[in-house]
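Peer 1: Pasting in a structure now, in structure tokens, and then I'll have a few things to ask.
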Amino acid sequence: MTQLAAHAYLPQVPSEQAVRRVLVVGGGSSGWMAATMLVTALSRHTAVELVESDAIGIVGVGEATIPPMQKFNRFCQIDERAFMAETHGTFKLGIEFHNWGRVGDKYLHQFGAVGREIDAVVRLHHWWQAGRLAAQRDGQPYPQFQELFVAQAAARDNRFAPAAHQASGYTHAYHFDASLYGRHLRKLAEGRGVRRHEGRIAHVERDGESGFVTAVLLDDGRRLEADLFIDCSGFASLLLGKALDEPFDDWSRYIPSDRALAVPSRRPDGPLRPYTHGIAHSVGWQWRIPLQHRTGNGHVFCSAFSSESEAEERLLATVEGETLDTPRLIRFTTGRRQRSWVGNVVALGLSSGFLEPLESTSIHFVQSSLERLVDLFPTRAMDPCLRDTYNRQTAREWTDVRDFIVAHYHLSERDDSEFWRHVRHMPIPDSLAHTIELWRARGILDVDGGHLFQLGSWSSVLIGQRCLPVGVHALADRAEPAYAARQIRQIADECTAAARRLPDHAAFVAGYCPSV
């Protein structure tokens, strides 16, 4: 995506064709992300407005993100220190999964690349596999695959500093308070010219010939017109789902979880962890998101295998620290609208679909959709070729991430509850079946290119959940297995040494972005 300054002077589309007004429908994280990015990217001749109601709550319960959010911050000229301080944020090196392969298992899906590659032909996980088989034959100790990432060693010791200033090979994301994040973005967006309207939408007007949305009517009679509408109305999907009646593809056959309970707790004594927890239970899983002032907790589960009261008991029994509220229930269906851009409406976030937060992708879907919209920004004619390209790229991203999430469930070896037996044997998408088949043969992954989660992510999860290749890459005989094993041990030692040079995470946060 082209990097632009706010209100840059650009060659203008002729005035009779240019989008003159954009209306974001709904606030929260997605709405104010949209307003901030669009007011930054669009010409000063295009007005950006937002309508929301303080009477309507937001779903946000605390957010964990993934590294591409740094790109959003750079584009929108968001100061990292100020953003983190105002949202009580902490840094994130990955997600530590507990009890997913088997009860008692633990692995980190760490962000970033391996410490280093051994050569330019065969990737490191192939050498790791060849060395592992040699070490098994020789009865020698051998590093786990995740030990070949600096992020793993840093997370293990609760250390953090930005990779650009310290060790290389890793990157970071963020944890923050979602309600405070929306407030921070609102301040930035309004400071750049976004006009906010307070009110509830009572009716949506459409053009009788084109079907385009022409205006929304508020319950006090005000009428808000626009050329382009951004639907950020959450699960209600007021424009795309209700007004335009775009069909919804239900993916619960692949991801059966349909409930979440969320509750904040007091931050416990001890280290400030630079990673999210994803802890599997007998039904579903639990998140822990460490913030400066508290911990965000939640439990995702399936109502077909657990009552809400049973889920609440599981959650409260495992919360670290005193709870600060009663658990809040969120009901959802996994899936997405078949198209995210219809007519002159583009839906973002929950308005376009929902994938459970196992890999912290909710914010990213909003960000990537906005990047795509800026790249393919239309005239008032809403050029069909741009719209169709947007929808095709969006659909691919959603299905790619869906497969990654389904893999966590499908590859579990747990047999201790009806829920885990169900997800182990449920049907999976053909695309995921192909990925697993290719991997099991010789550790090859067909996920590079446009896939959000690249080789490091997939290999971490697959190996972390005991899905090891049967054989080794055909070119892994270019060196003796014993040599590969020695190199792997050396890389693990290098990662540990690099992590030891990093400061304590809590100390870094206290000096860099303490809560305001």
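The values are calculated or read from the model by the stated rules, or taken from the named source; none is laboratory data. Everything numeric here is computed off the predicted structure, so don't read it as measured data. As a convention, Cβ positions derive from the backbone with ideal geometry for all residues, glycine included, and neighbour counts pool all protein chains shown.
Peer 1: Any residue at all in segment 83-93 that's at pLDDT 95 or above, among the acidic types (Asp, Glu) and closer than 17 Å to Glu359 by Cβ?
Peer 2: No, that holds for no residue.
Peer 1: I'm trying to understand the selection: among the residues of segment 380-410, which are surrounded by 18 or more Cβ atoms within 10 Å (Cβ to Cβ), among the β-branched types (Val, Ile, Thr) and over 23 Å from Pro427 (Cα atoms)?
Peer 2: Thr394
Peer 1: Additional query: Tell me yes or no: at least one residue of segment 496-515 is at pLDDT below 95, more than 27 Å from Ala163 (Cβ to Cβ) and exposed (fewer than 13 other Cβ atoms within 10 Å of the Cβ).
Peer 2: no
Okay, residues lined up against (1) within 13 Å of His172 (Cα to Cα); (2) of a type in the set (D, E, K, R):
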residue	(1), (2)
Ile78	no, no
Arg81	no, yes
Gly89	yes, no
Asn99	no, no
Val103	no, no
Gly115	no, no
Arg123	no, yes
His126	no, no
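Peer 1: Continuing with this model, one more query. Restricting to helices (runs of 4 or more DSSP H) lying wholly in segment 104-212: which have 2 or more residues that are farther than 30 Å from Gly343 by Cα and more than 28 Å from the chain's Cα centre (by Cα)?
Peer 2: It comes to 124-138.
Peer 1: Here is a further query. Phe404 is checked against (1) assigned to a helix (DSSP H, G or I); (2) closer than 24 Å to His45 by Cα and fails just one. What number does that condition carry?
Peer 2: Condition not satisfied by Phe404: (2).
Peer 1: Assuming Val509 fulfils every condition listed in (1) β-branched (Val, Ile, Thr); (2) within 23 Å of the chain's Cα centre (by Cα); (3) under 17 Å from Gly131 (Cα atoms) apart from one, which condition is it?
Peer 2: Of everything listed in (1) β-branched (Val, Ile, Thr); (2) within 23 Å of the chain's Cα centre (by Cα); (3) under 17 Å from Gly131 (Cα atoms), Val509 misses just condition (3).
Peer 1: Show the residue pairs that are 6+ apart or on different chains and have beta-carbon atoms under 9 Å apart, the first residue being within segment 432-457 and farther than 21 Å from Ala395 by Cβ, the second being acidic (Asp, Glu) and at pLDDT below 90.
Peer 2: Short answer, once both residue conditions are applied: Leu438/Asp446; Trp439/Asp446; Leu455/Asp448.
Peer 1: Can you confirm whether segment 118-128 contains a residue that is touching a Gly at 6+ places or on another chain (Cβ under 9 Å) and free of Cβ contacts under 8 Å to residues at least 40 places away in the same chain?
Peer 2: no
Peer 1: Scan segment 351-401 for residues that are hydroxyl-bearing (Ser, Thr, Tyr), outside any loop (DSSP other than H, G, I, E, B) and farther than 23 Å from Arg288 by Cα and report the count.
Peer 2: Within segment 351-401, residues that are hydroxyl-bearing (Ser, Thr, Tyr), outside any loop (DSSP other than H, G, I, E, B) and farther than 23 Å from Arg288 by Cα number 7.
Peer 1: Do the conditions hold for Phe365, that is, is it touching a helix residue (DSSP H, G or I) at 6+ places or on another chain (Cβ under 9 Å), in the same structural domain as Gly211 (by TED's automatic domain parsing) and touching a residue at least 40 places away in the same chain (Cβ under 8 Å)?
Peer 2: Spelling it out, it is not the case that Phe365 is touching a helix residue (DSSP H, G or I) at 6+ places or on another chain (Cβ under 9 Å), in the same structural domain as Gly211 (by TED's automatic domain parsing) and touching a residue at least 40 places away in the same chain (Cβ under 8 Å).
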